[in-house]
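Take a look at the structure below.
We did not get these values from a lab; they are worked out from the coordinates using the rules stated. Note that the coordinates shown come from a computational prediction; the quantities given were computed from them, not determined experimentally. As a convention, Cβ positions derive from the backbone with ideal geometry for all residues, glycine included, and neighbour counts pool all protein chains shown.
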Amino acid sequence: MRVIQRYFGLKLTIHLEGENVELAIPLTLNQTQIAVSVLEELFDTRVKKIHQKMNKGTSEGADYLGWKNYPNELPLHELEETLDAANKLRENAELVVVIGIGGSYLGAKAIQDALSPYFERKSDDPEVIFAGQNLSGAYMKQLLSYMGRKEVAIIVISKSGTTTEPAIAFRILLEFMENRYGSSASERIVAITDKSEGALRELAIRSGFRTFVIPDDIGGRYSVLTPVGLLPLAVAGVDIKQLLAGAKEAVHDLSSENIGSNIAYQYASLRSLLLSEGYNVEILASFSPNFEMFNEWWKQLFGESEGKGGNGIFPAAVAYPTDLHSLGQYVQDGQRMLFETFVHFTEDAEDYAIPSSKADVDGLNYLSDKTVNEINEVMMHGAMEAHKDGGVPVLRLEVAKQDAYHIGYLIYFFQLSCAMSAYLQGQNPFDQPGVEEYKNNIFRLLEKPGYVEAAL
Ligand code: PA5
């Protein structure tokens, strides 16, 4: 544990200012600069080797590296098609149900939540809700009754086109749409799936749905910047051009093979270092309540990419300050195998001043020269310091704004960090044998033709 002590209080900063991205990465320990050279000394050779293999397409699982330059390679006509499909759905529907699970669900939901108002959406934006990510009969029954009171459209997403949960949801919702809209139902349905394989592709061809392709070389959890995320987000009113602009900037900024000038590789090597020192749980922490689903997307990305062969960092997440009053106790004082990464948005768009009160019965007048966000930030510093003192290595990832541009940047940052981190741990970042195993079990237990016999 000795090496790690030197890293407590580590601060990993991304400064994104307007269109000009400036990566200032002061690695600090209690105000003291820690030379990145510590990470370079430990990881430089391996990181460079992995970087070069990824670029040459010779790393393990390289067939799934399509996401790496996709923000630059996405053809303009496909982006226009996506925007056109989104506009048509927006014109025809007040409610759009997006069906999908895992990588075909989490990214869109995460970004939608992170960028949407808390209570009231803009009047011209349709409501976008999700299905197929659970198998609750009550959810389905209530969803259908809700859909019955709205003009509805559906986006169904599945790369394999065979995943049980969304397939069941789509069968039920398709029946609803056909009963409700008759032969014009297909005009209200868009399918996003493999270019040629899977039951969903077959169904889309037979029924004449508009379709978008999930590129062959991009796996589910790396697909949010493809039509998988872009279409639902455009429907929800998110500026997907800005999202892609942020991701493109990240592709540019994070292209160096040198740890010293690549913040994603710093984060990845730091994680490996922490893991090797016995810190095998990472907690992603945020003080923005609408960031909770982003945590879920991040958990899938790292969990499915690294958790293999009895190895990997377990990705957990907290929403502070809410969780300071629940999991905070464990983080502070439980088993010491945790490290924490705070995602800190430094420039909040909206704020509210604490009013002063004549009587001051609640004794809060000492705060009346402050705003809610200012106190939130003080809470963050208080928690970071307490956790650090409690023996939790703390990293802070600073992002200027919680807007489409910066979220696009952050998405790419985490994808690249994750790939490097998994490779550093000797894992293929792009397969998910565990998920496949459970999927096969489901087919066997539900007696899907072909699977019962195969199990005998
Ligand atoms: O990352 C992955 O590949 C998986 O988690 C998938 O996204 C998830 O299983 C859904 O698969 P599909 O899109 O094929 O329905």
Provide Glu165, Glu175 in ascending order of the number of other Cβ atoms located within 10 Å of each residue's Cβ, fewest first. Glu175, Glu165
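Using unit Cβ charges (K, R positive; D, E negative) and no other charged atoms, how large, in debye to the nearest 20, is the dipole of the chain about its Cα centre? Walk me through the numbers before you get to the answer.
Details: 40 positive and 61 negative charges, 219 e Å.
Once rounded to the nearest 20, the dipole reads 1040 debye.
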Helix-only mean residue ellipticity at 222 nm for the chain, each DSSP H run of n ≥ 4 adding -39500 (n - 2.57), per residue, nearest 500: -14000 deg cm²/dmol
Can you spot the aspartates and glutamates whose alpha carbon is less than 14 Å from Lys56's alpha carbon? Ignore those fewer than 8 places along the same chain. Glu257
Compute the Cα gyration tensor for region 113-229, then decide on rounded, prolate or oblate, letting a ≥ b ≥ c be the square roots of its eigenvalues: rounded whenever a/c is under 1.5, prolate when a/b is larger than b/c in the other cases, and oblate in all that remain. oblate
Would you mind ranking Asp216, Asp124 by Cβ crowding within 10 Å, fewest neighbours first? Asp124, Asp216
Net charge within 12 Å of Ala317 by Cβ-Cβ distance, Lys/Arg positive one each and Asp/Glu negative one each, not counting Ala317 itself? -4
Assign one of three labels to region 104-171, namely rounded, prolate or oblate, based on the Cα gyration tensor with a ≥ b ≥ c the square roots of its eigenvalues; rounded applies when a/c is under 1.5, prolate when it is not and a/b is larger than b/c, and oblate otherwise. oblate
The answer for Arg210, listing residues at least 5 apart or on another chain whose modeled amide H is closer than 5 Å to its amide H, is Ile189, Ala191
Given Leu74, Ile218, Ser184, which one lies farthest toward the positive end of the charge dipole of region 69-238, if we put +1 on the Cβ of every Lys and Arg and -1 on the Cβ of every Asp and Glu? Ser184
Counting only DSSP loop positions in region 82-173, the GluC sites (Glu not before Pro) whose Cβ has at most 11 other Cβ atoms within 10 Å are Glu120
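Would you kindly calculate the translational diffusion coefficient of region 79-134, applying Stokes-Einstein with the Kirkwood radius from alpha carbon pairs, for 10 °C and a viscosity of 1.306 mPa s, and quote it in µm² s⁻¹ without decimals?
129 µm²/s
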Can you spot the lysines whose alpha carbon is less than 16 Å from Lys388's alpha carbon? Ignore those fewer than 8 places along the same chain. Lys11
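Fewest first, what order do Arg121, Arg271 take by the number of other Cβ atoms within 10 Å?
Ranking Arg121, Arg271 by Cβ neighbours within 10 Å, fewest first, gives Arg121, Arg271.
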Tabulate in residue order the Karplus-calculated ³J(HN,Hα) for region 121-134, using 6.51 cos²θ - 1.76 cosθ + 1.60 with θ = phi - 60°, rounded to whole Hz; enter x for Gly and Pro. 7, 5, 4, 8, 8, x, 7, 10, 10, 10, 8, x, 9, 8
Within-13-Å neighbourhood charge of Ala169 [Cβ basis; K, R +1; D, E -1]: 0
Counting Lys and Arg as +1 and Asp and Glu as -1, each charge on the Cβ, what is the dipole of region 45-113 about the Cα centre in debye, to the nearest 20? 740 debye
